[in-house]
Amino acid sequence: MSSLPLPANLERFPDLHPALSSQAALVEANRCLYCFDAPCTAACPTHIDVPRFIRKIATGNLHGSALTILASNILGLSCSRVCPVEILCEGACVLHRYNEQPIQIGRLQRDAMDHFYDGGARLPAPRAAARPGRIACIGGGPASLACAAELPAHGCDVTIFESRPLAGGLNTYGIAEYKLRPSDSLREVELIRSMGVRFETAEVGRSVSIAQIEAEYDLIFLGAGLGAMRRLGIPGEDLAGVIDALTFIADYKTAGTVDVGKRVAVIGGGNTAIDAANAARRLGAEEVHVLYRRSEKHMPAFSFEYQRSRQEGVRFHWLVRPVAIHASDSAPQRAGAVECVRVDANSPDGDTRPEPVLIPGSNFLLACDMVIPALGQSRLWSFLEADRGIQFENKCVAVDRATGQTANPRYFAGGDCVNGGREVVDAVAGGKRAARAMIRVLEARHG
Ligand code: SF4
């Protein structure tokens with residue numbers, strides 16, 4: 001196990017999609033066909049006017065291009081880096097039909113957004129006259145940021161309550177460094193603060209009660225994302241060297257040092273498991289093994305993420321289920337191996353996802369000095385336990401799809417707590433939708 005200072009880490013995380021040079025951006029922008037009925041815009045959950053922002057890059061108007069992006073997506077900088085463009089805007093590009101490479105929309109968006117922030121992040125819109133009605137956003141992640149950013153332009157008073165020292169949610173703490181650095185996420189937080197949004201560091205349900213918030217605010221947006229990562233529920237998971245994927249990623253992104261094993265086992269098959277595995281590899285782990293209980297074709301991670309991970313040298317083990325973590329012989333308080341059982345390849349493995357069937361006696365040990373469970377996050381809303389009339393569906397907050405309003409008309413919601421954990425751009429879309437509906441409620445109430 002080695003402990004690495006953060007500056008060394010940063011050098012190990014070159015951008016996954018490096019910025020285009022100015023010349024390359026111009027050439028790329030001029031390849032765009034500027035479709036009238038742009039499928040890329042339809043495929044973007046925030047419906048950025050893609051042809052319009054690309055045309056502005058082609059004419060050298062980078063600031064105008066950034067404003068076009070921000071008009072639809074206030075987190076245009078982070079989305080340019082983390083959106084799975086292959087299945088969103090770029091996946092819809094008409095150039096696919098001509099067997100040509102799609103326009104690199106994400107990298108062009110990044111070009112405009114980098115220019116905007118490097119130039120001082122100047123927004124033109126003045127603040128509107130104040131309107132009666134106060135709005136609280138619970139959680140400082142992408143959904144709340146996108147919701148809050150819509151409101152000052154309509155004169156609304158808005159406060160974001162975030163329990164961690166830094167706002168930005170998973171953008172700041174939970175997305176792998178090679179995709180998004182905390183400094184970029186914090187640039188967006190500062191932009192939203194500059195629009196008149198207040199940030200309070202407080203944990204709702206502990207340092208401030210939901211009753212206090214209800215007493216002081218007219219409408220409440222729930223954008224608190226998901227809870228802690230689920231536990232494995234197997235012996236040995238409290239040994240030193242076992243750290244859940246989100247804590248591991250948050251530590252290396254924001255803490256001064258991070259511990260990395262020589263042989264690392266990552267348990268899970270989602271995108272967070274891949275992020276953690278790639279990070280462990282780049283931070284110096286000699287071997288990184290991903291253990292997944294189902295087959296390759298049922299792995300929930302995007303296939304392009306999986307392919308990248310293989311290029312990083314990460315090894316994948318399919319149809320294996322960890323049943324215990326054993327202590328090291330030399331350090332009895334530390335993890336030394338994961339015991340796994342093989343899963344029957346003929347287990348029902350379809351959409352209903354029943355429990356895999358284990359093969360008796362197939363147990364084996366995988367030696368490792370670090371174990372990173374990445375099993376997905378829990379969906380706990382303890383501060384809403386007292387009945388507030390909010391309804392839940394599949395452990396997510398149930399909302400009206402057009403407005404984001406919950407069954408309690410004072411509460412709106414968006415992002416991971418509604419969709420169970422999707423992309424940043426989906427959270428932005430959910431936050432925007434709720435903000436616009438809240439503005440309509442305040443207009444109807446106060447004129
Ligand atoms: S926000 Fe994401 S999906 Fe939308 S245009 Fe930009 S990169 Fe594509």
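The values are calculated or read from the model by the stated rules, or taken from the named source; none is laboratory data. What you see is a predicted model; the values in this text were computed from it and never measured. Cβ placement follows ideal geometry from the backbone for every residue including glycine, while neighbour counts extend to all protein chains displayed. Surface areas here come from the heavy atoms of the whole protein model, side chains and all, with no ligands, DNA or RNA. Shrake-Rupley method; radii C 1.70, N 1.55, O 1.52, S 1.80 Å.
Which ³J(HN,Hα) values, rounded to whole Hz and listed in residue order, are derived for segment 109-120 from phi using the Karplus coefficients 6.51, -1.76 and 1.60 in 6.51 cos²θ - 1.76 cosθ + 1.60 with θ = phi - 60°, glycine and proline given as x?
Once θ is set to phi - 60°, the couplings for segment 109-120 become 4, 4, 4, 5, 5, 4, 4, 4, 6, 5, x, x Hz.
If you roll a 1.4 Å probe over segment 16-118 with all protein chains in place, what percent of the accessible area is carbon or sulfur? Numbers along the way, then the final one.
Values: 2360 of 4490 Å².
That fraction is 53 percent.
Would you calculate a helix-derived [θ] at 222 nm for the chain, using -39,500 (n - 2.57) for each DSSP H run of n ≥ 4 and dividing by the full residue count, to the nearest 500?
On the way: 16 runs with 153 residues, N = 447.
Computed mean residue ellipticity for the chain: -10000 deg cm²/dmol.
Please get the size of the charge dipole for segment 75-184, origin at its Cα centre, with Cβ charges of +1 on Lys and Arg and -1 on Asp and Glu, quoted in debye to the nearest 20. Spell out each step's value before the answer.
Working: 11 positive and 11 negative charges, 55 e Å.
For segment 75-184, the charge dipole is close to 260 debye.
Could you size up the charge dipole of segment 245-373 around its Cα centre, putting +1 on the beta carbon of Lys and Arg and -1 on that of Asp and Glu, and report it in debye to the nearest 20?
Details: 15 positive and 15 negative charges, 37 e Å.
Roughly 180 debye for segment 245-373.
Once you have a ≥ b ≥ c as the square roots of the Cα gyration tensor eigenvalues for segment 245-373, tell me rounded if a/c is under 1.5, and otherwise prolate or oblate according to whether a/b is larger than b/c.
Oblate, since a/c reaches 1.5 and b/c is not below a/b.
Which of Gly313, Ala277, Ser295 sits closest to the plus end of the dipole of segment 245-373, meaning its Cα is farthest towards the positive end, when Lys and Arg get +1 and Asp and Glu get -1 on the C-beta?
Gly313
Taking the highest mean first, how do the peptides 265-275, 279-289 order by number of other beta carbon atoms within 10 angstrom per residue?
Details: 265-275: 26.2, 279-289: 21.5.
Ranking, from highest mean packing down: 265-275, 279-289.
If you line up the long axis of helix 424-446 against the longest principal axis of the chain, both from Cα atoms, how many degrees apart are they, to the nearest 10?
The answer is roughly 40 degrees.
So for segment 190-258, taking the charge dipole from beta-carbon charges (+1 Lys/Arg, -1 Asp/Glu), which of Val258, Ser194, Gly227 sits furthest toward the positive end?
Ranked along the dipole, the leading option is Val258.
Exceeding 28 Å between C-alpha atoms, which entries from my cross-link table qualify? They are Lys297/Lys432; Lys297/Lys395; Lys56/Lys253; Lys262/Lys395.
Values: Lys297/Lys432 34 Å; Lys297/Lys395 26 Å; Lys56/Lys253 34 Å; Lys262/Lys395 37 Å.
Correct reply: Lys297/Lys432; Lys56/Lys253; Lys262/Lys395.
Which shape class, rounded, prolate or oblate, goes with segment 116-250 when its Cα gyration tensor gives a ≥ b ≥ c as root eigenvalues, a/c under 1.5 marks rounded, and past that a/b bigger than b/c marks prolate? Walk me through the intermediate numbers first.
Numbers: a/c = 3.46, a/b = 1.48, b/c = 2.33.
Here segment 116-250 falls in the oblate category.
Please give the per residue accessible area of the chain, computed with a probe of 1.4 Å over protein heavy atoms only, in Å². Intermediate results must be reported in sequence, preceding the final value.
Numbers: 19600 Å² over 447 residues.
For the chain, the solvent-accessible area averages 44 Å² per residue.
How much length would be gained if the chain were fully extended between Ala128 and His96, taking 0.36 nm per residue of separation minus their Cα-Cα distance, in nm to one decimal? Write down the numbers at each step before the final one.
Details: separation 32, 0.36 × 32 = 11.52 nm, distance 4.35 nm.
Once the chain is fully extended between Ala128 and His96, it gains 7.2 nm.
Helix 22-31 against the longest principal axis of the chain: what's the angle in degrees, Cα atoms only, rounded to the nearest 10?
Compared with the principal axis, the helix lies near 80 degrees.
Sorted by mean Cβ packing within 10 Å, highest first, what order do the peptides 292-300, 111-119, 211-219 take?
Values: 292-300: 17.1, 111-119: 19.8, 211-219: 15.6.
Highest to lowest by the protection proxy: 111-119, 292-300, 211-219.
Name the shape class, rounded, prolate or oblate, that the alpha-carbon gyration tensor gives for segment 16-118, where a ≥ b ≥ c are the square roots of its eigenvalues, rounded holds for a/c under 1.5, and otherwise prolate holds if a/b is larger than b/c and oblate otherwise.
Rounded shape, in that the Cα axes give a/c under 1.5.
So if I place +1 on the C-beta of Lys and Arg and -1 on the C-beta of Asp and Glu, and nothing else carries charge, what would the dipole magnitude of segment 16-118 be about its Cα centre? I want it in debye, nearest 20. Walk me through the numbers on the way to the answer.
Details: 8 positive and 9 negative charges, 19 e Å.
Here the size comes out at about 100 debye.
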